[in-house]
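What follows is one structure encoded as structure tokens, with my remarks underneath.
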Amino acid sequence: MEQSFIMIKPDGVQRGLVGEVICRFEKKGFHLKGLKLMNVERNFAEKHYEELNTKPFFEKLIEYIISGPVVAMIWEGKNVVTTGRKIIGATNPSESAPGTIRGDFAVEMGRNVIHGSDSVQSAKKEIALWFPDGPVN
Ligand code: ATP
Ligand code: MG
């Protein structure tokens, strides 16, 4: 069954949105397969976002991700990668539709609450990076 890597970013954790995010994925019908609260080191954050390392906003993005604990999760279900991205909403919260997580809870691109894998292939890569010992240990 398809899986996606979903991460609640430091602003989402600090603002108490963990329950809200989990609630939305659960109510949709997806299954939680792994979850942990983590402090991420710089090298690890750089690895997670390595395909963006030439972008002008890369340094700010890394500072943001290491600024506090994040919640790393594996969610499973039919089309969870694509549907998960729809639940999350557009990257820029000014363009995310109301009813999406970013549309309802964010205003700034640099504090957009949540990450979701953008393809089945990147989901596999991200799950291997974040859950190297498997989903439950
Ligand atoms: P994520 O990978 O975090 O789920 P995304 O897939 O919607 O987000 P990406 O293009 O992968 O978008 O960018 C990763 C993150 O980098 C974005 O969520 C956002 O926080 C930040 N970002 C992306 N583009 C910009 C930009 N033009 N200016 C500032 N920050 C940006
Ligand atoms: Mg992305």
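The values are calculated or read from the model by the stated rules, or taken from the named source; none is laboratory data. Please read these numbers as outputs of a predicted model, since none were measured by experiment. Neighbour counts run over all protein chains shown; Cβ positions are idealised from the backbone, glycine included. Quick note on the areas: whole protein, heavy atoms, side chains included, nothing else; ligands and nucleic acids left out. Shrake-Rupley method; radii C 1.70, N 1.55, O 1.52, S 1.80 Å.
Numbers below:
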quantity: Average accessible area per residue (Å²) across the chain - probe 1.4 Å, nucleic acids and ligands excluded; calculated: 54
quantity: Additional length obtainable on full extension of the chain from residue 107 to residue 55, 0.36 nm per residue less Cα span; calculated: 16.6 nm
quantity: Helical contribution to [θ] at 222 nm, DSSP H n ≥ 4, -39,500 (n - 2.57), averaged over the chain, rounded to 500; calculated: -11000 deg cm²/dmol
quantity: Proximal charge balance of residue 88 [Cβ under 12 Å; K/R count +1, D/E count -1]; calculated: +4
quantity: Spacing of the two label points (7 Å from each Cα toward its C-beta) at residue 121 and residue 94, in nm; calculated: 3.2
quantity: Surface/4 estimate of mean projected area, convex hull on alpha-carbon atoms of the range 95-137, nm²; calculated: 4.3
quantity: For residue 35, residues with placed amide H under 5 Å, excluding near neighbours; calculated: 74
quantity: Inter-label distance, nm, simple model (7 Å from Cα along the C-beta direction), residue 76/residue 47; calculated: 2.4
quantity: Label point distance in nm, residue 133-residue 63, each placed 7 Å from Cα along Cα→Cβ; calculated: 3.3
quantity: Percent carbon-and-sulfur accessible area, the chain, ignoring ligands, DNA and RNA, probe 1.4 Å; calculated: 52
quantity: Share of pairwise Cα separations in the chain, more than 25 Å, in percent; calculated: 18
quantity: The range 56-116, relative contact order [Cα under 8 Å, separation at least 6], %; calculated: 26
quantity: Candidates 62, 88, 101, ranked by Gaussian network fluctuation over the chain, Cα under 10 Å, top entry; calculated: 62
quantity: Relative contact order of the range 31-137, defined on C-alpha pairs under 8 angstrom at six or more residues apart (%); calculated: 27
